[in-house]
Each structure stands twice: as structure tokens, then as C-alpha cells.
Amino acid sequence: MIQQDAALVCFSGGQDSTTCLFWAKKHFSRVEAVCFTYGQKHSLEIEIARTIAGQANVPFHLLDVSLLGQLAPNSLTDPSIRMDEDKPADSYPNTFVPGRNMVFLTFAAVMARNKGIFHLVTGVSEADYSGYPDCRDTFIRSLNVTLNLAMDEQFVLHTPLMNRDKKAVWQLSDELEVFDLVRNQTLTCYNGIPADGCGSCPACKLRKEGLDSYLETKNK
């Protein structure tokens with residue numbers, strides 16, 4: 001049975017996907033979350049995602065796509081690779097996992113179809129990101145068409161953060177009344193440290209810059 005007012009959220013337990021989870025709860029009467037294990041070094045993010053989904057009263061699903069992490073060397077799945085702290089001038093940072101969002105959204109669509117859900121939510125953004133090609137709006141639009149053609153359905157891919165920088169993402173979490181939860185319980189850090197994280201990896205730097213900017217504006 002098609003659930004017209006239902007959504008499936010690609011959920012990792014980080015700042016962006018947690019904000020999207022609560023955005024989905026505001027806009028859809030039924031929300032479920034799907035998390036992926038892809039060989040990432042820090043399995044803690046899965047448990048954090050499971051906990052937050054429970055707090056949000058959202059059904060939580062875990063899919064194993066660990067083959068993805070074996071196909072291309074990257075610093076998120078291979079402990080022997082030292083993480084790039086800055087984006088190289090002539091290539092993508094080695095935190096880029098080729099095909100990750102395409103695989104996640106494809107598997108999410110297959111799962112959603114079986115549940116009669118045709119709204120998919122993902123936290124990608126091209127306003128404030130590390131240059132990953134699979135975070136661009138053009139990619140999302142292209143994949144949306146491809147999924148519809150591949151399964152002869154009418155999926156709608158929602159990207160609430162696409163044009164929001166990290167400052168605006170913090171603002172959205174505040175508007176959704178989950179600012180404290182996002183700040184204190186999520187795991188965004190590439191080194192696997194919850195909340196404010198390690199403070200030195202690219203994800204933590206981006207998160208902190210956005211937070212400081214938002215708090216400065218909010219406290220004026």
C-alpha cells in the first residue's frame with residue numbers, strides 16, 4: 001500500500017542527517033530511518049544513530065553495504081590512510097567514498113518501495129561541503145530520474161540542507177527544537193568522537209565554524 005505521507009530518511013546519526021530526521025518528522029506523518037554500515041572505522045556512529053532514532057520514535061533499519069568500503073581506498077574505511085585535513089588542490093579529499101550516496105539512496109529506494117514509501121530524505125548539501133560530487137543538486141536530480149526509471153515509480157528525493165551552510169543547518173535544528181540534541185548527542189567527527197568531536201578533522205572544523213557563526217548571530 002502506498003503511504004503518501006511517509007518518508008524514509010538516510011540516517012547516520014550526524015548533525016546533518018539528524019536535522020533531516022526531525023525535519024521529516026515535521027513534514028510527514030510517518031517516518032522511518034535507514035542507516036548503513038559500509039566498513040567505516042567508527043561503528044559508534046551506528047549505535048548513536050540507533051539511539052537517536054529511538055528517542056525520535058522512528059523505526060530504525062541497518063543495511064550492510066560493506067563491500068563499498070573495499071572497492072576504493074579512502075581514509076574513512078582504511079585506518080592505514082592518513083586523513084586529509086584540507087581539500088587537495090587537484091583532487092577530492094581522501095575522505096571521499098566514491099559512489100556512497102548513490103549506493104545509499106539506491107538501497108533506500110528499494111527498501112522504501114517495499115514499504116510503500118516514495119519520499120526519500122538525505123542530508124547532502126552543496127553550500128558547505130568538502131567538494132564531494134555526490135552532494136551536488138545535479139547529482140540528486142539525476143539519481144531521482146534514474147530511480148524512477150529503474151523501478152517505474154515516482155520517488156521524490158528531498159534535500160532540506162542542499163542550499164544551507166552549516167550556520168543555517170544549526171539554525172534549522174534550533175527551529176525544529178532539537179538544537180541541544182544535535183549539539184550534544186550526534187557524531188559528525190571523522191575521528192569518531194561524539195558532540196563537539198576532535199576539533200581538528202574537516203568535519204569538526206566545518207561544524208564548529210557554523211556553530212560559532214550561528215551562536216554569534218543568535219546572541220546579538
**Q.** Selected residue [open to solvent by 10 Å² or more (accessible area, probe 1.4 Å), closer than 27 Å to PRO98 by Cβ, in contact (Cβ under 8 Å) with a residue 24 or more places away in the chain and of a type in the set (Val, Ile, Thr)] from VAL31, VAL65
**A.** VAL65
Q) Hey, any hits in region 87-109 for a residue that's among the aromatic types (Phe, Trp, Tyr), part of a loop (DSSP other than H, G, I, E, B), in contact with an Asp or Glu (Cβ under 9 Å, 6 or more places away or on another chain) and free of Cβ contacts under 8 Å to residues at least 40 places away in the same chain? A) yes
Q | Top-ranked residue of region 166-220 - restricted to ones that are basic (Lys, Arg) and under 29 Å from SER75 (Cα atoms), ranked as surrounded by the most Cβ atoms within 10 Å (Cβ to Cβ) | A | ARG207
Q. Among the candidates GLY54, GLY123, which residue alone is open to solvent by 30 Å² or more (accessible area, probe 1.4 Å), of a type outside the set (Ser, Thr, Tyr) and over 16 Å from GLY39 (Cα atoms)?
A. GLY54
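From the list VAL121, VAL97, exactly one residue is among the hydrophobic types (A, V, I, L, M, F, W, C), closer than 19 Å to THR186 by Cβ and within 15 Å of the chain's Cα centre (by Cα). Which is it? First the steps, then the outcome.
Details: VAL97 fails: closer than 19 Å to THR186 by Cβ.
Every option except VAL121 fails the conditions.
Going by what's in this entry, would PHE118 be described as part of a helix (DSSP H, G or I), in contact (Cβ under 8 Å) with a residue 12 or more places away in the chain, in contact with a Phe, Trp or Tyr (Cβ under 6 Å, 6 or more places away or on another chain) and open to solvent by 20 Å² or more (accessible area, probe 1.4 Å)?
In short, no.
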Q) Got at least one residue in region 157-170 being at pLDDT below 95 and not in a loop (DSSP other than H, G, I, E, B)? A) no
Q) Name the pairs: first residue in region 197-214 and more than 19 Å from SER12 (Cα to Cα), second residue open to solvent by less than 10 Å² (accessible area, probe 1.4 Å), Cβ to Cβ under 8 Å, at least 6 apart or on different chains? A) GLY210/VAL169; GLY210/TRP170; LEU211/TRP170; TYR214/TRP170
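The values are calculated or read from the model by the stated rules, or taken from the named source; none is laboratory data. This structure is a prediction, so every number in the text was calculated from the model and none was measured. When we count neighbours, we look across all protein chains shown, and the Cβ atoms used for this are built from the backbone with ideal geometry, even at glycine. Just so you know, the surface numbers come from the protein's heavy atoms only, side chains and all, with ligands and any DNA or RNA stripped out. Shrake-Rupley method; radii C 1.70, N 1.55, O 1.52, S 1.80 Å.
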